[in-house]
Amino acid sequence: MSEDQFSPDARETLAAVLDGIIPANDAASLPGAGSLGVASYLETIQNRKPELVEVFALLINALDAFARARDCDRFAALPLPARAEALQEIARTHPGPFSSLLFHTYAGYYQEDRVLEAQGVPARAPFPEGYEMEPNDLSLLDAVRQRPKMFRE
Amino acid sequence: MSEEPVDVLIIGAGASGAAVAWSLTDTRMSIVCLEQGDWMNPADYPSTQKDWELRRFGDFGLSPNGRGRREDYPVNDAESPISISNFNAVGGSTILYAGHFPRFHPSDFKVKSLDGVADDWPIDYQRLEPYYAQNDQMMGVAGLAGDPAYPPKEVPLPPVALGEFGHRLGRGFNELGWHWWPSDSAIATQAHAGRAPCINLGPCLLGCAQGAKGSTDVTYWPSAIRRGVELRTRCRVREITVDENGMANGATYYDADGTERHQKAEIVIVACNGVGTPRLLLNSKSKQFPDGLANRNGLVGKNLMFHPYAMVNGIFEERLDAYKGPMGCCVMSQEFYETDPTRGFLRGYSFEIVRGMGPVGTAVMGLMGEKLPWGEGHHRAFEELFDRSAGMVAICEDLPEAHNCVSLDPELCDSDQVPAPKINYRLSDNSRKMIDHAVARAQEVLAASGAVDTQVEAPLGVAGWHLMGTARMGSDPKTSVVNEWGRSHDVRNLFIVDGSIFVTAAGVNPTCTIQALALYISDTIKKNLSNLFD
C-alpha cells in the first residue's frame, strides 16, 4: 500500500468523518459522503496533491485520539453525538486542515453520479453533449423596442 | 543570436495582436508575432470533465498569481482592491473571457465635451464603426438588431439562449420599465466560419471546448497563419530595443528553452494588454529612453482603468436552470448608462446577467461564503442554494486618474527574471457612488424578478479583467503616449493596439473596441505605408 492510499483503519475513520460532514439525505435516498465512497475521491486528490496526505492523516489521527481519550479505540466506534462533538472540536483546533477536508469532501460528493442525478443534473461533463434550452421569447422585448433612442450623439 | 529581420514584429497574440496580424497580411509584409503562451488544446478544457468547476481554483483560475503556469507572469496587485485577471496563450485573455461583445456608444468617445470629465478621444464612433462591423464578422457575434441603446447596426448571428433566468430577468426589467436587450456576444449561435455552434455548455470562462466562443485562436489566428504570419509561441519578450536614432529595431526575448534571442524588425506593434504593455515599455530602457520606451512624458503606466464591478446575486424559490447556457452574456441593461447628474455621479454603467453555478461550484462557493454548513442542515442549505441563485453584475465606467498606475515591481520577477508589474489603484468617489447606485437598482430588479433575497459583493475583487488607459491615445504628445492612430509620439515605428491606448473606459466590456481599434490602426498603417515614419 502506498502512502497516498488510506489504510483500512484510516479508511474506516475517514468514512465516518465524511458521513458526519455530509450526512445521509433521506429525502433523496442518498447515503452520506462516507458511505457513498467519497474517501476514494480523496485518495485520488491526495495522489494529485501530495501535500494533502499529511493534512488528511493529521485529521484522522486527531479524531482517533479524541476517541481514545473517551475510552473508545477509534472514531468510527463513537456514538453519533460524540462524533459530532469530535468534529466540532477538530474544526476548532485544526481550522486550516479541516477547511481543506471540507472543500474536497464537498467537491467529491457533488461529482458523484447519484448525487447529480438526485439534483436533476445529468451525471456527465457538459461537453460534448451540452444542454438543450428553451427557445427565446423575444416578444418580451416589445416594450423596449418602442422606446426612443437612448444614446447621446 | 539574431533572426532574419522582418517587416513587422507583433508582441502578443491575444485579442488585438491577432486582429492586427490578420489585417496586415493584406500588405504581404513579413510578419512575426511573439507570444509568451502556447496554443491551447480544447480537448483539455475543463468542460470536458466532471470536475470542471474546480479548475477555476487551479490552472484555469482568473489570477495569473495562482495558476502555476510557466506562461504567466506574476502581478503584484496587493495595493489594489481589484486583482488582475488575464491569460497568456494564443488567444490571450479571450480564452477565458465570457465573450461579451458590446460596442462603445458615441458618447463614450466624447466624455469631456458631454460631461466635463476626463478627455475626449481623438477619434469617434463613426470612425470605428466599419471596423466594429468587420470585427463582428470575424469573431462571429450573436445578438439582435434594433437595440434603442445603440445606433443602428447589423448583428451577424441570432442571440444566445436567454434561458429560464434570462426570460425571468427580462420580465423583471419590463415590470420596472427599464431597458434590457439580448447581449452582443462573440459566441457562434449557428455554425460560423468553420466554428461549431454553441451547445450551451455553460463554462465560457474556462475555455470553450466546442469552439463556439470567439477566442482569437479559433477566429483570427487560423486565417492569419494561412496568410503568412509566423506565430512563435512560448517566446517571452524582455524588451523592445532601439537604434541610435531612437527608432525601435526589434525585441529581445526568451524562447521556449529559455535561450535569449533578438528579433529585428522595421515596425514593432505592442499588443500585451493594459498591464503587459506598460510593463514591457517600462522595462525597455535605453540611453535614449532612460525611463522606458515611449515614456518621455512619464505617462506610460499612468491612468490605469478597470471596470469596477458590483455583483448582486438573487436567491429564488424556484429552479432557474441557471447552470446551462453561456455564462455571462445573455442579457444586458443600459438603463443607467448615459450620465444623469441627479444620480450623484457622472457617466454610468451596464447591467449584465450572470447565470448560476453547477452542483460542485454551488457547494464549494457556498462553503467559502459560509452559506453551506457541514453536518446537520447541509442538505437543506444546499437545496436552497443550488440552481436557485443567479444574478447580475454592474460594469461601471472608471475614469482615468494618474495615481492609478502600473509600474515595475522592484523585486518580483517572472520565470525569465523579467520584472513583474506592480499595480497601484484605488476606487474614486465617483466609482463608489456609481457602485452604490448599481447595487440598489440591481436589488430592485432582482426583487421584481422574484428574488427573495440578495447577496452583494462590491467592488468585485477578482474583476480586474479589463485593463485600460496606461498608454493613452491623443493628439497632444504632452498628454498622451500614442497618436490618434496608435503610433507612439516618441518612437515613430512603434505602435500600440491594445486596451492601454483607451482614453476612457466606457461602461461596457472592452474587447470588441480593442479589436476595432486594432483593425483601424492596421488600416491606417496600410494607408500610410509610403510615409509611415514621417
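Every read-out reported here was derived from the displayed coordinates using simple, explicitly stated rules and does not represent laboratory data. Fair warning: this is a prediction, and the values are worked out from it, not measured in the lab. Cβ atoms come from the backbone with ideal geometry, glycine included; neighbour counts cover every protein chain shown.
Rounded to the nearest 0.05, what FRET efficiency do B:Leu412 and B:Glu376 have when you use their Cβ-Cβ distance and R0 = 60 Å?
Plugging the Cβ-Cβ distance into 1/(1 + (r/R0)^6) gives 0.85.
What lysines could a cross-link reach from B:Lys527, if we take a straight Cα to Cα line under 28 Å and drop same-chain neighbours fewer than 8 places away?
In chain and number order, the partners are B:Lys110, B:Lys153, B:Lys264, B:Lys478.
Roughly speaking, what is the stretch gain from A:Ala69 to A:Asp26, that is 0.36 nm per residue apart minus the C-alpha to C-alpha distance, in nm to one decimal?
Full-extension gain reported as 12.3 nm.
Using Cβ contacts closer than 10 Å as the measure, can you line up B:His167, B:His403, B:His192 from fewest to most?
Arranged by neighbour count, lowest to highest, B:His167, B:His403, B:His192 become B:His403, B:His167, B:His192.
With the dipole of the protein assembly as shown worked out from charges on the C-beta (+1 for Lys and Arg, -1 for Asp and Glu) around the Cα centre, which of B:Thr342, B:Ala224, B:Gly116 lies farthest toward the positive end?
Of the candidates, B:Gly116 comes out farthest on the positive side.
If each DSSP helix of 4+ residues adds -39,500 (n - 2.57) and the sum is divided by the residues in the protein assembly as shown, what number results at 222 nm, nearest 500 deg cm²/dmol?
-9000 deg cm²/dmol
Taking 0.36 nm per residue of sequence separation and subtracting the Cα-Cα distance, how much length would be gained by fully extending the chain between B:Ser428 and B:Asn245, in nm to one decimal?
Stretched out fully, the B:Ser428 to B:Asn245 stretch lengthens by 61.8 nm.
Using modelled backbone amide H atoms (1.01 Å from N, in-plane), which distant-in-sequence or interchain residues come within less than 5 Å of B:Cys33's amide H?
B:Ile10, B:Glu230, B:Leu231, B:Arg232
Give the long-range amide H neighbours of B:His489: residues separated by 5 or more places, or on another chain, with amide H under 5 Å away, using H modelled in the peptide plane at 1.01 Å from N.
B:Val482, B:Asn483
So what's the net charge close to B:Arg67: Lys and Arg +1, Asp and Glu -1, counting the other residues with Cβ under 12 Å from its Cβ?
Surrounding charge for B:Arg67 is +1.
Rounded to the nearest 0.05, what FRET efficiency do B:Val452 and B:Ala78 give with R0 = 56 Å and r taken as the Cβ-Cβ distance? Could you check?
With R0 = 56 Å, the Cβ-Cβ based efficiency is 0.90.
Which residue, chosen from A:Leu116, A:Ser40, A:Ala65, occupies the Cα position most advanced towards the positive end of the dipole of segment A:1-145, where the dipole is computed from +1 (Lys, Arg) and -1 (Asp, Glu) charges on Cβ about the Cα centre?
Positive-most Cα among the choices belongs to A:Ala65.
Calculate, in nm to one decimal, what A:Glu89 and A:Glu132 gain on full extension: separation in residues at 0.36 nm each, minus their alpha carbon distance.
So the chain would gain 10.8 nm between A:Glu89 and A:Glu132.
Please compute the modelled spin-label separation between A:Gln146 and B:Asn528, points set 7 Å along Cα→Cβ, answer in nm with one decimal.
That separation, rounded to one decimal, is 5.0 nm.
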